[in-house]
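Engineer: The following block contains the structure, expressed as structure tokens.
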């Protein structure tokens, strides 16, 4: 029984220029204590997916359909005050830019205490000691005095740790992290990811990690969902995706990882993602795909399981041999280039 | 923090000297023969000379200014009116509470209108209510306060007899020779001036608050607060307003300081003998000591308020505290 089961999630925004289908029929599930990584380029709909699950999209001009069943309740149909009890309590979310995610005029202690008292009727002292515990757990030194400091007195990495502390303080079942390390430098990124892994072990929470960085995925994910232009184009187990990738976009992503080997050039995917106002007909990736053929231009490829593993899905018209070949080439290239 | 306060106080002294010097130059050096004005129309040339000597007007300018400063700072003496020999300080201090009543009452009214309307407009942009509010804002900014004051006085006071046409009643009770006094009369006489005064400022502030709240609603930390499960009213008050009102507080401090310096137009329209009224009439009569007295007082008020607002800002915005 998965912790969160999303079926056919669709979210669209009415804009002055027309309707933007930001998420177009996503289905995935998250198991207790596991990590799902949602990967894709900027603008492919990864953040909107999670904001839809949390009910944090703007209420005007937004249409969401499908289901997101969490512990026997469909979050998409829950009334507002029920949803508020879930947010920050059973499901938490942290965002990309730690520099601006904290209220600048409240101390971090006060913001942590608020997170506790919003969901539990505990006196301030008890909430403060919980806050202190969490701040220590995320590795902030001199936690006791730091609780009375303001966000501007912390560095970016520290602020993100505070955000993590705030999101885990009520021991949620699920933590959604929207590009938590994108705004941080590489060393801090490694520290934050390690911290998240540790805390996942200690607290047993499931994590949905949104990222565009496959390196991050490699460090943390159990399951991977690759998105492109509002659709899921490949999803499955981490090892399946990384060692037997089946979609040209995934091949492109894996190929574009920078190589440490000498003389290795960067191999980006040419072109840029299509507009979601008027998506291209057929497969949305066909304009940038080196393997596209006639069918790709007219027919939208359905998301279908692989013959070897039914939990590995991909949306591509290429036949089985082509997919195997493509996977081998990519994996070989990765092996050759690794130091 | 203490160093910041000391630095600001020293700067306030510099400002005070600059303002009083400039004012002194304008009122005593530039006009032709202030001694003749002081002596009065019937004075003979000899009398004028005596007066000139008494008023230090035959000394070099810098000495005159120093004497003026000395009188002002050490003896709190702003001189005497040319028209009725009354102590300027007393005149100013009699007029000040009237202006204060007008301005502070208006502040309460305009903030009571601007905050709810501004916040509502920001929460429901482009809705019918918002459009009505913005039309109201445009009207409020465009309407000339004097015109509005006169119309209000005429219709509400003269035609419909609902409110007094003009005049001020002391809060503390009727002074000897006055026909009205006490809190009720005070309130009754000020309600229309308050409202007219508030119209323009309310319009500005509705627009300002709408703008700052709209900006703040897009901030990441507001999203964080919602993601924590905070109910919307808490998000609005504790997170949005707490940040959005910071620039409003600064503006308010400055506007109050300036208004206290002399709300000339409306005091004239409603016959309220406050600082603006007194200064205006002193100009008509060439009674420069009074004019200078009001200017000095108003300048001190502005400098003091400026300092208070700066300190207040450092208190409410922790990012500035350590500056």
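Engineer: Could you list, in sequence order, the residues of the stretch A:76-102 that are under 16 Å from residue A:149 (Cα atoms), more than 8 Å from chain B (Cβ to nearest Cβ) and buried (at least 20 other Cβ atoms within 10 Å of the Cβ)? Break it down stepwise before answering.
Structural biologist: Going residue by residue through the stretch A:76-102, those that are under 16 Å from residue A:149 (Cα atoms) are A:98-102.
Narrowing further to those that are more than 8 Å from chain B (Cβ to nearest Cβ): A:98-99.
Once the filter is applied, which keeps residues that are under 16 Å from residue A:149 (Cα atoms), more than 8 Å from chain B (Cβ to nearest Cβ) and buried (at least 20 other Cβ atoms within 10 Å of the Cβ), the stretch A:76-102 yields only A:98.
Engineer: Identify all residues within the stretch A:42-69 that are surrounded by 14 or more Cβ atoms within 10 Å (Cβ to Cβ) and within 14 Å of chain B (Cβ to nearest Cβ); write none if there are none. Let's see the steps before the verdict.
Structural biologist: Of all residues in the stretch A:42-69, those surrounded by 14 or more Cβ atoms within 10 Å (Cβ to Cβ) come to A:43-57, A:62, A:64, A:66-69.
Listed by number, the residues that qualify are A:47, A:48, A:50, A:51, A:52, A:53, A:54, A:55, A:56, A:57.
Engineer: Right, next: So, in the stretch A:136-163, of the ones that are more than 14 Å from chain B (Cβ to nearest Cβ), assigned to a helix (DSSP H, G or I) and closer than 17 Å to residue A:188 by Cβ, which residue ends up farthest from the chain's Cα centre (by Cα)?
Structural biologist: Among those residues, the one meeting the criterion is A:158.
Engineer: Answer yes if at least one residue in the stretch A:103-112 is facing chain B (nearest Cβ under 8 Å), over 20 Å from residue A:210 (Cα atoms) and within 24 Å of the chain's Cα centre (by Cα), and no otherwise.
Structural biologist: yes
Engineer: Being farther than 17 Å from residue A:9 by Cα and buried (at least 19 other Cβ atoms within 10 Å of the Cβ) is true for just one of A:38, A:113. Which residue is that? Give the steps one after another, and end with the answer.
Structural biologist: Details: A:38 fails: farther than 17 Å from residue A:9 by Cα.
One residue alone meets the criteria, A:113.
Engineer: Now for a separate question. Residue by residue through the stretch B:159-186, note down the ones that are loosely packed, with under 13 Cβ neighbours inside 10 Å and in a helix (DSSP H, G or I).
Structural biologist: Applying the first criterion (loosely packed, with under 13 Cβ neighbours inside 10 Å) to the stretch B:159-186 yields B:159-162, B:172, B:175-177, B:179, B:183-184.
Those that are loosely packed, with under 13 Cβ neighbours inside 10 Å and in a helix (DSSP H, G or I): B:159, B:183, B:184.
Engineer: Now, a different point. Give just the number: which of (1) under 18 Å from the mean Cα position of the chain (by Cα); (2) farther than 27 Å from residue A:308 by Cβ; (3) not assigned by TED's automatic domain parsing to the domain that holds residue A:136 does residue A:258 not satisfy?
Structural biologist: Condition not satisfied by residue A:258: (1).
Engineer: State whether the residues of the stretch B:242-265 include one that is assigned to a helix (DSSP H, G or I), within 14 Å of chain A (Cβ to nearest Cβ) and without any contact (Cβ under 8 Å) to a residue 24 or more places away in the chain.
Structural biologist: Looking through the stretch B:242-265, at least one residue is assigned to a helix (DSSP H, G or I), within 14 Å of chain A (Cβ to nearest Cβ) and without any contact (Cβ under 8 Å) to a residue 24 or more places away in the chain.
Engineer: Any residue at all in the stretch B:213-226 that's buried (at least 23 other Cβ atoms within 10 Å of the Cβ), within 11 Å of chain A (Cβ to nearest Cβ) and either in contact with a strand residue (DSSP E or B) (Cβ under 7 Å, 6 or more places away or on another chain) or farther than 18 Å from residue B:116 by Cβ (or both)? Step through it out loud before you land on a result.
Structural biologist: In the first step, residues of the stretch B:213-226 are kept if they are buried (at least 23 other Cβ atoms within 10 Å of the Cβ); the result is B:213, B:224-225.
Filter once more, so that each one left must be within 11 Å of chain A (Cβ to nearest Cβ): B:224-225.
Of the ones still in play, those that are also either in contact with a strand residue (DSSP E or B) (Cβ under 7 Å, 6 or more places away or on another chain) or farther than 18 Å from residue B:116 by Cβ (or both) are B:224-225.
Checking the stretch B:213-226: at least one residue is buried (at least 23 other Cβ atoms within 10 Å of the Cβ), within 11 Å of chain A (Cβ to nearest Cβ) and either in contact with a strand residue (DSSP E or B) (Cβ under 7 Å, 6 or more places away or on another chain) or farther than 18 Å from residue B:116 by Cβ (or both).
Engineer: Now for a different question. With the checklist (1) modelled with pLDDT of 90 or more; (2) touching a helix residue (DSSP H, G or I) at 6+ places or on another chain (Cβ under 7 Å); (3) closer than 26 Å to residue A:257 by Cβ; (4) within 14 Å of chain B (Cβ to nearest Cβ) in hand, flag the one item residue A:183 doesn't pass.
Structural biologist: (1)
Engineer: How many residues are surrounded by 15 or more Cβ atoms within 10 Å (Cβ to Cβ) and out of contact with any strand residue (DSSP E or B) (no Cβ under 9 Å at 6 or more places or on another chain) if we restrict to the stretch B:84-93?
Structural biologist: Total satisfying the criteria: 3.
Engineer: Could you please let me know if residue A:23 is assigned to a helix (DSSP H, G or I), more than 9 Å from chain B (Cβ to nearest Cβ) and either buried (at least 21 other Cβ atoms within 10 Å of the Cβ) or modelled with pLDDT of 95 or more (or both)? Before the answer, list the steps.
Structural biologist: On the way: assigned to a helix (DSSP H, G or I): no; more than 9 Å from chain B (Cβ to nearest Cβ): yes; either buried (at least 21 other Cβ atoms within 10 Å of the Cβ) or modelled with pLDDT of 95 or more (or both): yes.
No; evaluated as a whole, the condition is false for this residue.
The values are calculated or read from the model by the stated rules, or taken from the named source; none is laboratory data. Quick caveat: nothing in here was measured; it's all calculated off a predicted structure. Glycine also receives a Cβ, built like all others from the backbone with ideal geometry; neighbour counts cover every protein chain displayed.
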